[in-house]
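What follows is one structure encoded as structure tokens, with my remarks underneath.
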Amino acid sequence: MDGLGLSWGEMSSCVIFLFQNYELNSIGLLISAYIITIAFGLVVHLCGFLRLKVKRCIVGEVYGLRVLQSFLYTVQVAAGYFLMLVVMT
């Protein structure tokens, strides 16, 4: 569990995804981690796109649309922090 590198002469090729317990030790797990990361990136962009659409629809003070816009912003920020965590690990 040293990441991609040498470990006392042996080649160690495990990858940790987010947490120590999430060890990607097969090609299937690695591909699924790629898919999860790409899906979260798409969620971030989709939420930004939907927020702009909702913002254009708001005429005056429509409470329901403001709540929807706030919810989309919260999801976008949370997914963005998740992607930052992936990049930093």
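The values are calculated or read from the model by the stated rules, or taken from the named source; none is laboratory data. All values reported here derive from a predicted model rather than from experimental measurement. Reconstructed Cβ throughout: ideal geometry from the backbone, glycine too, with neighbour counts over all protein chains shown.
Residues in the range 13-30: is at least one among the small types (Gly, Ala, Ser), farther than 17 Å from residue 89 by Cβ and either at pLDDT below 85 or out of contact with any helix residue (DSSP H, G or I) (no Cβ under 9 Å at 6 or more places or on another chain) (or both)?
Within the range 13-30, one or more residues are among the small types (Gly, Ala, Ser), farther than 17 Å from residue 89 by Cβ and either at pLDDT below 85 or out of contact with any helix residue (DSSP H, G or I) (no Cβ under 9 Å at 6 or more places or on another chain) (or both).
Does residue 29 fit the bill of being aliphatic (A, V, I, L, M), surrounded by 11 or more Cβ atoms within 10 Å (Cβ to Cβ) and under 21 Å from residue 85 (Cβ atoms)?
So residue 29 fits the description; yes.
Which of the residues that make up the range 34-65 are of a type outside the set (Val, Ile, Thr), in contact with a helix residue (DSSP H, G or I) (Cβ under 9 Å, 6 or more places away or on another chain), without any contact (Cβ under 8 Å) to a residue 12 or more places away in the chain and farther than 30 Å from residue 16 by Cα?
If the condition is that a residue be of a type outside the set (Val, Ile, Thr), in contact with a helix residue (DSSP H, G or I) (Cβ under 9 Å, 6 or more places away or on another chain), without any contact (Cβ under 8 Å) to a residue 12 or more places away in the chain and farther than 30 Å from residue 16 by Cα, then 57, 65 are the ones that fit.
To keep it simple, each residue is scored yes or no on (1) modelled with pLDDT of 85 or more; (2) assigned to a helix (DSSP H, G or I); (3) of a type in the set (Ser, Thr, Tyr); (4) surrounded by 11 or more Cβ atoms within 10 Å (Cβ to Cβ).
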| site | (1), (2), (3), (4) |
| --- | --- |
| 5 | no, no, no, no |
| 33 | yes, yes, no, yes |
| 47 | yes, yes, no, yes |
| 66 | no, yes, no, yes |
| 71 | yes, yes, no, yes |
| 83 | yes, yes, no, yes |
